[in-house]
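Working notes, beginning with the structure itself.
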Amino acid sequence: MTPLASLARSVMLGTERGPVDPAPVPGAAAPVLETVWSRQASTEERVLWAAAVLGPYEDAGETSGAVAPDGLLEPAPADERPRCSDDVAQILRRILAEQPALLAEWLELAATAGVIAPPSALPDLLDAGKRSKEIRPQLVKVVGRRGRWLAELNPPWSYLEKASAGDNLTEPDAAQLDQEAWDEGTLAERETFLRDLRRVDPASALELLKEVWTSENAATRERLLGTLDEGLGMSDEPFLEEALGDRSKRVRGVAAELLGRLPASRRARRMIARAEAIFRLERKMLRKSLVVQEPDEWDAAAQADGLTEGAARDLGPAAWRIRELAAATPVSFWTDDLGLSCEELARQVDRSPWKQALSSGLARAAQLQENVDLARALVQAFRDDDSRAREERVVAPLLPQDEYDALAVGRVAKAESLAELSTLVASHVSGASCYWSAELSRAVHVKARQHTLSPETGDAWRLSQLLPSIGIRLHPDVIEEARKLWPEDLATTHRIQEEVDKFQIVLVLRHQMREVFRT
Amino acid sequence: MTLSYSRDQVLALAPDAASVKAAQKLLSVGKWSLLAHDPSAVWGECQGSGKKPYLVQVDRNGPAFKCSCPSRKFPCKHGLALMLLLADQPAAFREAEAPARVTDWLEARQDTAKKKVERARAQAEKPVDPKAQARRVKKRWVEMAAGLDDFELWLRDLVRQGLAALPGRDADFWSEPAARLVDAKAPGLANWVRALQKVVRSAPDGWQRRVMAMAGQAYLLLRAFRRFDELTPEEQADVRTALGWAVEKEAVLAGSNSESESPGEGLREPMAVLGSSLTVRDRLRELRLWLRGTQTGRDALVLEFAYGRQPFELTWTAGTVQDLDLAFYPSRSPLRALVKERHGDARPVDGLVGTRSIDTALDQAAERLAANPWIGRQPMGLCEVRLVPGEDRWRVVDGRGRCLGLHPKFKRSWELLAMSGGGAVDVFGEWRDEGFLPLSTWSDEGFRSLPHEEME
């Protein structure tokens, strides 16, 4: 305790309650204090005098502490990659402060250019990575060695280490996985562990699951069984077939869905047998036509295979069964057993009285079995039929990116309101790239502009939802033309103008960002 | 050289966040029917809601703004937008000869500036009537004395009734003496009472010692006031400053004149603006700009005050060097200064000036404190120090392993550590009673300001 602290303690209860007896003070202050205490004055005055002497005395005598050399941090290793230019750093600061939605694009550009972020921005970048998993793969590259060094020092940033492990090794080593998470972790941790292991070594993961299978409760079985969709193959079939007989309905459902993805499974063969009884091809002259026999209620075996009973707004009980069966039947039944091409099948569906049920079931089958040919044929058939827009959304993502984009272009061109455009834009967020193809970008912003300018469809609230996502997803080649095409002064309301101005600012910033990365 | 302002510098000029937002909406070139500049000015025409576009112009030396819009904010969104556009898209501006409205305005500004300097010079050269001054001092002294007597009783009661009673005191216990001190024209001590209340209320570890130290400081001030006549002019100035009895600007400017007999001194030197820290008390904003001489290493503090949304008069950003004529407020340890005149344009700093030894820095601080026990925050420049993170407190360590704790209010430790990469960096900041508060740094990224803001 310092002399001043000791003095403070001695007057805690006040000089009126007792004498003051501070600890003696060593050093140069001693004679001064002696004079103070011997003064002819009240105790209070003498205490205040002593404080007046001791305060500056202690402040002026403040000394440095000592840190042993081993208490110092190991400095960050030098970075191999060059730091980005000042202009690029400047853009980054603006993005972090004003337009965080553009961060992913900046990171991608920086990673592609092979440059790293300025050190002063690292804490903000690491915080951003904590909030959003999607940017981590690029972030790992762009923060460089110094960023990884920094992240190790601050526990909230520890996610980076895991992300950078993924950066270095294309496949994580099975031995590296944390067995403890499996033995002692929460359900979510066990699920993650099993999924990770499936990615590297599906067979051992299946073995682990089998070991614990009988001792787990239904909810756990359901969740863990779901991880088999990672690396699913015929070697999982016997186990899944067994799981079809599980006590829990939900576990049976998961098993049925997984088996639906394996056209060579025993369940698939049973489905073909059922399909043969229901779906038939009749030939009259040269004309083929698909005949559907209305199915009876499912028997016990069918229900065990995961076929359900039910009804929906546009499906009666029989239609429901038809959809169920079509969804569970391997595509090969139609193409090989019935000898229909996917296009022919789609045309048959169009003409069938069970059009809605078959469309829905086949779309699901294409999705489960990832059958691009069927998806393409169905998209063709659904194209001009608004009643099957939902089914189209199911199969369209199976198409290769360029076809998917082209499809979206057609849809966008027909969008009759900003609301419709918003729905399309929201559903069309392409996975890998942060922006749309040039063609789609053009279609979207031209359509958005058309509706913005029209007094009937211009809607500031919609626009405030729509324009920001358009702003960040426009293809780079389209940014400049969009900037020029969107008028600076719209003859519309002030609120709409405000949204358009914000949109323009994003476009200008993106344009500048690309310019500075180019130089 | 044409002075250019970076985006950050322009944003620092904005009176509030709403202005920045409003300015950002004007950042598309299409909103401007004219964008032009020459070496001394930037001007443009911005289409507003009315028929006629607003005429915006900026004096690059300053910068100073003028706009024909009716906004009461200063600078207005048009001025900010014009400078932001220049920072972001210089290619959108054409070089041109300034129109008469711009050149006339620049000339008028120069005239005003000249007149101001002349007025100050005239003031400075005006012989001070020592008798009249003494009369004024005496009058104020009498006004204060009664108030300070009461305050001394309050202070003694505080000790008599004990520190343990303080946390339980009601608001009147603090507000009454503070109000009385304001009436007695000792606002410095009134602030002191409020600060004491804050320490008691927030009760940090060892608050009793802090209270005792503050009580001692106040008592020392009272004793010094009683012996005012026996003090040297510099000591008198320090006592007056601590009481909140500010020395008049004119007297400071006069004092810096070598022929004057009053204390205070002048300095002409290229000064590096190394740090800024903003304190907000109710609606009063106080900006501390720390300057350090690039040749002598001499420290100076320029204080700027603004109410509410008013902008500060000086708008320099940390990281620039300005050739200045300074007039120091009289003190035994002069720090606070007024800017008499600015010569030429600003240029970026090329490094921090400081010491490599923390002990040397502490010795300097102790010397200043010995000369003026009420000095408060001091500037401190530390070169080649490393950062050590800590659970409750971070520290800076010099090459000899001596260390100092960072101030608990410093929020940008990770940023500083990132820039240092664990290696040695130069750091400039404020040395305060709870530790060292960095305000800027020089690393391999160059100069970076870490401006500090706090509410009081």
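For this structure, a couple of remarks:
- Among the residues of the range B:405-427, those that are facing chain A (nearest Cβ under 10 Å) and in a loop (DSSP other than H, G, I, E, B) comprise B:R412, B:G421, B:G422, B:G423, B:A424.
- So B:A366, is it free of Cβ contacts under 8 Å to residues at least 40 places away in the same chain, part of a helix (DSSP H, G or I) and of a type outside the set (V, I, T): yes
- Of the residues in the range B:363-381, none is under 29 Å from B:R210 (Cβ atoms), more than 10 Å from every other protein chain (Cβ to nearest Cβ), surrounded by 23 or more Cβ atoms within 10 Å (Cβ to Cβ) and over 22 Å from the mean Cα position of the chain (by Cα).
- Only helices (runs of 4 or more DSSP H) whose full extent lies in the range A:257-339 are considered here, and the ones with at least 2 residues that are surrounded by fewer than 19 Cβ atoms within 10 Å (Cβ to Cβ) and among the basic types (K, R) are A:266-278.
- Remark: A:D87 matches the filter, which requires a residue to be touching a helix residue (DSSP H, G or I) at 6+ places or on another chain (Cβ under 9 Å), within 24 Å of A:T519 (Cβ to Cβ) and within 12 Å of another protein chain (Cβ to nearest Cβ).
- Residue among B:V200, B:V273 that alone is β-branched (V, I, T) and not assigned by TED's automatic domain parsing to the domain that holds B:L338: B:V200
- Considered as a group, the residues in the range A:45-60 that are at the interface with chain B (Cβ under 7 Å from one of its Cβ atoms) and within 59 Å of the chain's Cα centre (by Cα) include one that is surrounded by the fewest Cβ atoms within 10 Å (Cβ to Cβ), and that residue is A:A60.
- Unmet criterion (only one of (1) more than 9 Å from chain A (Cβ to nearest Cβ); (2) in contact with a strand residue (DSSP E or B) (Cβ under 9 Å, 6 or more places away or on another chain); (3) at pLDDT below 95) for B:R402: (1)
- Residue in the range B:268-280 that is nearest to B:S449 (Cα to Cα), counting only those that are surrounded by fewer than 20 Cβ atoms within 10 Å (Cβ to Cβ) and within 14 Å of the chain's Cα centre (by Cα): B:L278
- Filtered residues of the range B:192-217 (kept if surrounded by 22 or more Cβ atoms within 10 Å (Cβ to Cβ), in contact (Cβ under 8 Å) with a residue 24 or more places away in the chain and away from chain A (no Cβ under 12 Å)): B:W192
- Subset of the range B:69-100 [part of a loop (DSSP other than H, G, I, E, B) and farther than 15 Å from B:A41 by Cα]: B:C69, B:P70, B:S71, B:R72, B:K73, B:F74, B:P75, B:C76, B:Q89
- Residue within the range A:218-227 that is under 33 Å from the mean Cα position of the chain (by Cα) and outside any helix (DSSP H, G or I) present: no
- Residue within the range B:224-235 that is touching a strand residue (DSSP E or B) at 6+ places or on another chain (Cβ under 8 Å) and modelled with pLDDT of 85 or more present: no
The values are calculated or read from the model by the stated rules, or taken from the named source; none is laboratory data. In this text, all values refer to a predicted model and were calculated from it rather than measured experimentally. In this analysis, Cβ positions are derived from the backbone assuming ideal geometry, glycine residues included, and neighbour counts consider all displayed protein chains.
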